[in-house]
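Here the structure is laid out as structure tokens; the discussion comes afterwards.
The values are calculated or read from the model by the stated rules, or taken from the named source; none is laboratory data. What you see is a predicted model, and the numbers here were worked out from it, not measured in a lab. For neighbour counting, all protein chains shown are included, and Cβ atoms are generated from backbone atoms with ideal geometry for every residue, glycine included. Quick note on the areas: whole protein, heavy atoms, side chains included, nothing else; ligands and nucleic acids left out. Shrake-Rupley method; radii C 1.70, N 1.55, O 1.52, S 1.80 Å.
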Amino acid sequence: MNRKLTEQYEKLGISAEVYQFGEKTEQALTERFEKIDRTAEFNQLKVIKAMQEQKVSAECFHTSSGYGYNDYGRDTLENVYASCFCAQDALVRPQITCGTHALALALMSNVRPGDEIFSPVGKPYDTLEEVIGIRPSKGSLAEYGVTYRQADLKKDGSFDYDAIRQAVNARTRLVTIQRSKGYATRPTLSVARIGELISFIKSIKPDVICMVDNCYGEFVEEEEPTQVGADMVVGSLIKNPGGGLAPIGGYIAGKKECVENAAYRLTSPGLGKEVGASLGVIQSFYQGLFLAPTVVSGALKGAIFAANIYEKLGFEVFPNGTEERYDIIQAVTFGNPDMLTAFCEGIQAAAPVDSYVTPEPWAMPGYDSDVIMAAGAFVQGSSIELSADGPLRPPYAVYFQGGLTWYHAKLGILKTLQKLKDRNLVKLC
Ligand SMILES: *Cc1c(COP(=O)(O)O)cnc(C)c1O
């Protein structure tokens, strides 16, 4: 037992008992953590290689304003992203405001009236329902005469190949595949499974565009979906690839034509990638991408650590303590509102920012019950930083993700445990 470290934790309100419980749990995870470190090492080399190949130089960090013509740093960064994702081209911009915007852009620019979008993995992420028009919404694709179809996963989480074969038709133009489960209760897809799905779909219709919603999945594995046949991968820079440093932004990487279409929609027909000033944020995009593999590894360790802690205490955790990981999200089912609240208070209390505030359940648009959220982030809403949320309704599950460093994620989880213990909601065994 490391006395000085125990004392340091005590200064942050973690009792020796809770600390010991964490240490025991962590010791059993040595092998898994080593495997995560290997993946991070691989991906770190991938990023460095891409930066070297594209000759990133100090000149790349200059800013541009106005039209942003000939922004060398922006254009080089897009080549770096293309390299990292083994794609022909990429669009990486601060003008893409969030993940939903990046996905809307990729979808809306690559379909035309009369086309159909198809999801072979069930319902897409909540916010995309309004983009597509599954829930009627102003400006949705449905309003432009683009239809939507979906095939649900089978009960065991496998692809329903018969339903997929039946769904693909002459109008199917784009297939959208969500890698992460998001806040649904299906398994997250590995890159290998995404590859199998794309092969099957392309065997039915070779010219269909396969787009992967890559949110929360970047750098979790050594390969990205573009390496197994995806025509486009799309994501947010305030999640994995921004490494916690990007203050805004989104990306689309993939086939030249898909990226070009997206660029003409983001700016204007005729202008495309030529305009779009970088306004001084581009250096943080480079540095964030550089750090992303290690940041993602810290978040993964945090998720696995929490799964094992709460599994030991008898709670249902998803994914479970031993499962292979394909994204950074962890769910813990408490079945009790006080526990859910205590957990979120613990995450908040461990934050470097706003640690002194107490999160409270709140009515959120789109939810039929109050939601409690904990986040003490440097970048508003950044979910690569340690954060947790959950709706105040049965089964009282908390979803949490992120942690810019493993040590912060660990402190956050120990703090949740301390809160639960102090209120006699759990007994350490
Ligand atoms: C976060 C997320 C989105 C949307 O991103 P925002 O930045 O919140 O708009 C879409 N799909 C998945 C799977 C996500 O995790």
Looking only at aspartates and glutamates whose Cα falls under 19 Å of residue 4's and that sit 8 or more positions away or on another chain, we get 17, 23, 26
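Once every DSSP H run of n ≥ 4 in the chain is given -39500 (n - 2.57) and the sum is divided by its residues, what mean residue ellipticity at 222 nm do you get, rounded to the nearest 500 deg cm²/dmol?
When only DSSP H runs of four or more count, the value is -13000 deg cm²/dmol.
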Taking the alpha-carbon centre of each part, the distance from region 33-48 to region 277-292 in Å is 20
Along region 91-103, Karplus-curve 3J(HN,Hα) (6.51, -1.76, 1.60; θ = phi - 60°) to the nearest Hz, with x for Gly and Pro, reads 10, 10, 9, x, 6, 7, 7, 6, x, 4, 4, 4, 5
For the chain, the charge dipole (Cβ of Lys, Arg +1; Cβ of Asp, Glu -1; about the Cα centre) points to a positive end, and the Cα of 240, 378, 68 closest to that extreme belongs to 240
Of every hundred units of 1.4 Å-probe accessible area on the chain, the number belonging to carbon and sulfur atoms, as a percent, is 53
Listed by chain and number, the residues whose amide H is under 5 Å from that of residue 150, excluding neighbours fewer than 5 places away on the same chain and using placed H, are 119
Once the in-chain neighbours fewer than 8 apart are removed, the lysines whose Cα is under 21 Å from residue 421 read 11, 24, 312, 410
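Between their Cα atoms, which of 138/205; 181/301; 49/255; 239/301; 138/202 are more than 23 Å away from each other?
As for pairs spanning more than 23 Å Cα to Cα, those are 138/205; 138/202.
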Computed ³J(HN,Hα) along region 303-312: with the Karplus parameters 6.51/-1.76/1.60, θ = phi - 60°, integer Hz and x for glycine or proline, the list is 4, 5, 4, 5, 4, 6, 4, 6, 5, 4
With a Förster distance of 41 angstrom and the Cβ-Cβ distance between residue 203 and residue 24, calculated FRET efficiency to the nearest 0.05 equals 0.25
Order by accessible surface, 1.4 Å probe, largest leading, for residues 7, 34 comes to 34, 7
Taking r as the C-beta separation of residue 279 and residue 257 and R0 as 35 Å, the FRET efficiency to the nearest 0.05 is 0.80
Taking only protein heavy atoms and a 1.4 Å probe, the highest-to-lowest accessible-area order of 428, 29 is 428, 29
The alpha-carbon center of region 354-383 and that of region 108-150 are separated, in whole Å, by 28
Between residue 12 and residue 42, the FRET efficiency computed from the C-beta separation at R0 = 56 Å comes out, to the nearest 0.05, as 0.95
Per the rule of 0.36 nm per residue minus the C-alpha distance, extending residue 31 to residue 59 adds in nm 5.9 nm
With every protein chain in place, the accessible area of residue 98 for a 1.4 Å probe, in Å² rounded to the nearest 10, comes to 50
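Relative contact order, percent, of the chain when contacts are C-alpha pairs under 8 Å separated by at least 6 residues?
It comes to 17 percent, rounded to a whole number.
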Per the rule of 0.36 nm per residue minus the C-alpha distance, extending residue 169 to residue 4 adds in nm 52.9 nm
HN-Hα couplings for region 345-350 via Karplus (6.51, -1.76, 1.60; θ = phi - 60°), in whole Hz with x for Gly/Pro, come out as 5, x, 4, 5, 5, 8
Tilt, helix 72-84 to longest principal axis of the chain (alpha-carbon atoms), in degrees rounded to tens, equals 70
For region 63-280, the per residue accessible area (1.4 Å probe, Å²) is 39
Sorted by chain and number, the residues with a modelled amide H under 5 Å from that of residue 370, at a separation of 5 or more or across chains, are 392
The lysines whose Cα lies under 16 Å from the Cα of residue 256, excluding any fewer than 8 residues away in the same chain, are 273
quick note, the chain, DSSP beta bridge pairs, % antiparallel (nearest 5) is 65
